[in-house]
Amino acid sequence: DIVMTQAPLSVSVTPGESASISCRSSKSLLHSNGITYVYWYLQKPGKSPQLLIYRMSNLASGVPDRFSGSGSETDFTLKISRVEAEDVGIYYCGQLLENPWTFGGGTKLELK
Amino acid sequence: EVQLVESGGGLVQPGRSMKLSCAASGFTFNNYDMAWVCQAPKKGLEWVATISYDGSSTYYRDSVKGRFTISRDNAKSTLYLQMDSLRSEDTATYYCARHRGFAYWGQGTLVTVSS
């Protein structure tokens, strides 16, 4: 199974500042078709997860452009510019390259 | 607007069965693979099972193989998860999701396995 490892476990950010969350996969997520199958989700308190970023760097519909995704074959970063109160929650990375599809353990974002 | 609405959760004793349903709307259901993802209390996300758009292929995580069955009724735009031989470690909120990118999720239904 592909293991997804996130860091840090939690991050505390001053509103208006930026935040970065890292995710590392135990195997390359780069498919032979050139697509890197890493995804980012946000689970706000008491809510279902919502897709933020698909295929490493593509912004999902309706997601503010303060969010961006980048990375290589095994190391990925979610950056949130100008953090707002509505960004609070747990962020998960996930790989959709192969079965079983797996997620990282989550990173909790809080406001200072 | 895509909507996924789960139902069927609740309290069940270990070893018993439970069937979850997920009613889909706002998209052409029979064009998409569908999935179940669970989340144990205060824990992370865990993929459970996926079914192809036409029901011809199914995939399961190892811990549920032989106990859970994913199915769908395209005429009713409904996804199902039959859970047999339930264990305490199956206690979780179960979400149905459109498999492609897990781009859409339902609100979840809580399954508690306890005597």
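Laboratory data are not the source of any read-out in this text; all were calculated from the coordinates shown. Because the structure is a prediction, the values reported are computed rather than measured. Using ideal geometry, Cβ is built from the backbone for each residue, glycine included, and neighbour counts are taken over all protein chains shown.
Here are some notes:
- Per residue convex hull volume, Cα atoms of the stretch A:1-58, in Å³: 125
- Rounded D (µm²/s) - the stretch B:3-44, Kirkwood Rh over Cα pairs, Stokes-Einstein at 4 °C, 1.567 mPa s: 101
- Sorted largest first, extent of the protein assembly as shown alpha carbons per principal axis (Å): 49, 41, 35
- Relative contact order %, chain A, counting alpha carbon pairs below 8 Å whose residues are six or more apart: 38
- Highest GNM mean-square fluctuation among A:G69, A:G46, A:G89, for chain A modelled with Cα contacts below 10 Å: A:G46.
- Put a dot 7 Å past the Cα of B:S71, heading toward its Cβ, do the same for A:T77, and the two dots end up 4.9 nm apart.
- Computed from backbone phi with θ = phi - 60° and the Karplus coefficients 6.51, -1.76 and 1.60, the 3J(HN,Hα) list for the stretch A:88-102 is 5, x, 10, 9, 10, 9, x, 10, 10, 6, 8, 6, x, 6, 10 Hz; x is used for glycine and proline.
- Based on the reciprocal of the average 1/r between different C-alpha atoms, the Kirkwood radius for the stretch B:1-109 equals 13.8 Å.
- Directionally averaged projected area (convex hull, Cα atoms, the stretch A:19-112), nm²: 6.2
- Taking trypsin sites (Lys or Arg not before Pro) across the stretch B:6-79, the ones in a DSSP loop with at most 13 further Cβ atoms lying within 10 angstrom of their Cβ are B:R16, B:K42, B:K43, B:K65, B:K76.
- Each part gets one Cα centre, and for the stretch B:52-115 versus the stretch A:1-67 those centres are 24 Å apart.
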